[in-house]
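Worksheet for the structure shown next.
The values are calculated or read from the model by the stated rules, or taken from the named source; none is laboratory data. As the structure is a computational prediction, the values presented were derived from the model and not from experiment. FYI the Cβ positions are ideal-geometry reconstructions off the backbone, even for glycines, and counts take in every protein chain you see. SASA here: full protein model, heavy atoms, side chains in, ligands and nucleic acids out. Shrake-Rupley method; radii C 1.70, N 1.55, O 1.52, S 1.80 Å.
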Amino acid sequence: MALLGAQLVITLIMVSVIQKLSPHFSLAKWILCSTGLTRYLHPTDDELRKLSGVPREKSKGKKDKRNGHHANGEKSSTFHIPRSLDIQLDSIPISSYDIVHLRFYTEYQWLVDFSLYSVIVYITSEVYHFFFPLKEEINLSMLWCLLVVFFAFKLLASLTVQYFKSEESIGERSTCIVTGLAYLLIAMIILIVPEQTLEVGLDKAYHSFNASASSFLEGQGLNSSGPASKIVVKFFIAVSCGFLGALFTFPGLRMARMHWDSLKFCKDRIWLKFFLNVSFAMPFLLVLLWIKPLSRDYLTARVFSGMSSPILSTEAFETMRLGAVVVAVVLRFLLMPIYLQAYLNLAYDRVEDQKKEAGRITNVELQKKISSIFYYLCVVTLQYVAPILMCLFFALMYKTLGEYTWDGVLKQSLPLDECSADLEYEKSILATIARTKTINILSTAQNFHMSLQNLKQVFTKEVYRGLFGFATWWSCFIWFAASSLGMVYQSYFTKS
């Protein structure tokens with residue numbers, strides 16, 4: 001009996017690859033430094049003085065050479081310039097030396113690189129299991145996927161907490177609370193929608209888990225009618241949905257602003273504009289694939305005129321739905337440099353908008369206004385990649401733990417009588433070897449194996465299909481809802 005087997009080998013190889021390859025190659029660094037992104041440089045004090053005609057001030061007191069202050073405590077480099085000053089910004093390509101000091105760069109690099117390695121582990125495991133189906137092994141690729149989801153969730157939570165720590169972020173804090181409560185209400189409404197309309201599979205998951213858990217507890221000598229009532233379970237799911245929706249709020253608003261700016265800068269590039277709009281609409285199409293009257297019934301039950309069977313079989317529809325999630329995520333990653341450049345161009349937009357204003361501004365404030373765009377690049381990048389990584393890895397776990405396939409063919413589980421025969425055979429072997437001096441070790445292994453089998457009976461594929469199917473659908477839903485809210489915000493204030 002091999003509890004780990006090839007899975008452990010794949011994991012150990014990937015850990016070794018991470019140790020050897022990480023110092024030399026980073027996908028996160030490649031995205032920022034090798035895809036043509038450029039950043040804008042703020043003008044120096046001398047350039048601002050020359051443009052505005054401000055003469056260099058003579059120091060009236062003794063100057064501290066270490067910190068550049070006069071004896072009276074005022075900075076010698078601070079001066080005022082007109083807001084309407086005609087400033088032309090210079091741009092340079094982003095280099096690896098520029099990004100290492102950015103805020104949240106380490107977290108961004110770890111998330112993206114670890115996601116790449118997790119995808120490699122997952123693909124390798126899927127290819128191996130296609131030729132050698134999984135029997136008694138533990139699928140360690142699911143642990144890699146779960147870690148990616150955990151890291152993405154943790155980083156989104158860390159970014160959201162920053163709004164609650166700052167005293168100046170009252171508006172952002174209120175926005176997170178209001179949207180979280182709104183998503184909680186939406187989730188409670190969605191959870192009472194019957195499965196005939198929205199096929200997330202939570203009802204089947206609850207009944208399967210309740211029955212199997214009751215049998216497991218009765219096997220342990222405990223009387224139980226089930227772990228928890230359906231209302232309590234759905235309430236906690238709704239609370240989790242509201243919390244996740246609050247975390248997706250500002251990433252969605254940021255995504256909408258970048259999409260708005262991207263469309264503005266590619267008016268003459270029709271194909272790029274087309275793919276940007278398709279990428280933005282893809283989460284909405286994914287949401288529709290879980291609405292049964294609009295998707296499954298239309299594609300798998302209805303027979304059109306001139307056809308003898310529906311367009312797709314049930315298994316092919318499941319594969320198509322999973323493939324659509326992967327396509328949406330890949331398209332977002334391919335368009336990622338376009339969106340990031342649209343964000344970096346905000347420095348130019350800020351200067352152009354400032355030229356239309358009256359009054360004066362200090363040189364320090366102007367320089368901060370321009371340099372802060374690049375300073376928060378990794379924060380914006382995290383807000384871009386974390387939601388799509390959560391959607392992707394929820395879908396991968398939904399596929400594998402739900403026992404779906406990529407080729408549209410129903411995966412046949414090992415019959416129960418064959419499992420029982422294998423267990424009886426293993427018991428006979430253990431009973432024979434138990435006569436030796438290793439009886440205690442073998443008994444422990446047998447007990448562990450039996451416990452593992454009992455856990456597999458509790459967490460059935462129906463349970464996994466319900467949990468990860470709903471997690472995938474909800475992630476896609478709030479992914480689109482937050483972005484749509486941002487587009488409404490941009491349209492309203494732009495017209496204003």
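Number of residues in region 99-115 that are assigned to a helix (DSSP H, G or I) and buried (at least 17 other Cβ atoms within 10 Å of the Cβ) equals 10. Among residues of region 362-419 being at pLDDT 85 or above and among the basic types (Lys, Arg), the one that is nearest to residue 289 (Cα to Cα) is 399. Taken together, the residues in region 135-154 that are hydrophobic (A, V, I, L, M, F, W, C) and either within 14 Å of residue 9 (Cα to Cα) or surrounded by 18 or more Cβ atoms within 10 Å (Cβ to Cβ) (or both) amount to 9. For the condition at pLDDT below 90, farther than 30 Å from residue 341 by Cα and among the aromatic types (Phe, Trp, Tyr), residue 236 does not qualify. Residues that are among the acidic types (Asp, Glu) and within 20 Å of residue 486 (Cα to Cα): does region 358-374 have at least one? The answer is no, given that none of the residues of region 358-374 is among the acidic types (Asp, Glu) and within 20 Å of residue 486 (Cα to Cα). When region 233-276 is filtered for residues that are farther than 30 Å from residue 191 by Cα and open to solvent by 60 Å² or more (accessible area, probe 1.4 Å), the ones remaining, listed by number, are 257, 260, 264, 265, 267, 268, 269, 270, 271, 273, 274, 275. In the set (1) more than 23 Å from residue 292 (Cβ to Cβ); (2) among the basic types (Lys, Arg); (3) at pLDDT 85 or above, residue 204 fails one condition alone, (1).
Confirm whether residue 92 is among the hydrophobic types (A, V, I, L, M, F, W, C), open to solvent by less than 90 Å² (accessible area, probe 1.4 Å) and either part of a loop (DSSP other than H, G, I, E, B) or at pLDDT below 90 (or both).
No, not satisfied.
Would you check if residue 459 is open to solvent by 50 Å² or more (accessible area, probe 1.4 Å), at pLDDT below 90 and closer than 27 Å to residue 400 by Cα? Here the answer is yes, as residue 459 does meet what is asked.
State all residues of region 46-60 that are surrounded by fewer than 16 Cβ atoms within 10 Å (Cβ to Cβ) and modelled with pLDDT of 80 or more; if no residue qualifies, say none. Passing the criteria: 46, 47, 50, 51.
Scan region 163-185 for residues that are out of contact with any helix residue (DSSP H, G or I) (no Cβ under 6 Å at 6 or more places or on another chain) and either open to solvent by less than 60 Å² (accessible area, probe 1.4 Å) or modelled with pLDDT under 85 (or both) and jot them down.
165, 166, 167, 168, 170, 171, 174, 175, 182
A single entry from 339, 348 fulfils the requirement of being over 16 Å from residue 385 (Cα atoms), touching a residue at least 60 places away in the same chain (Cβ under 8 Å) and part of a helix (DSSP H, G or I): 348. You will find that of 286, 244, the residue that is closer than 30 Å to residue 195 by Cβ and touching a Cys at 6+ places or on another chain (Cβ under 8 Å) is 286 and no other.
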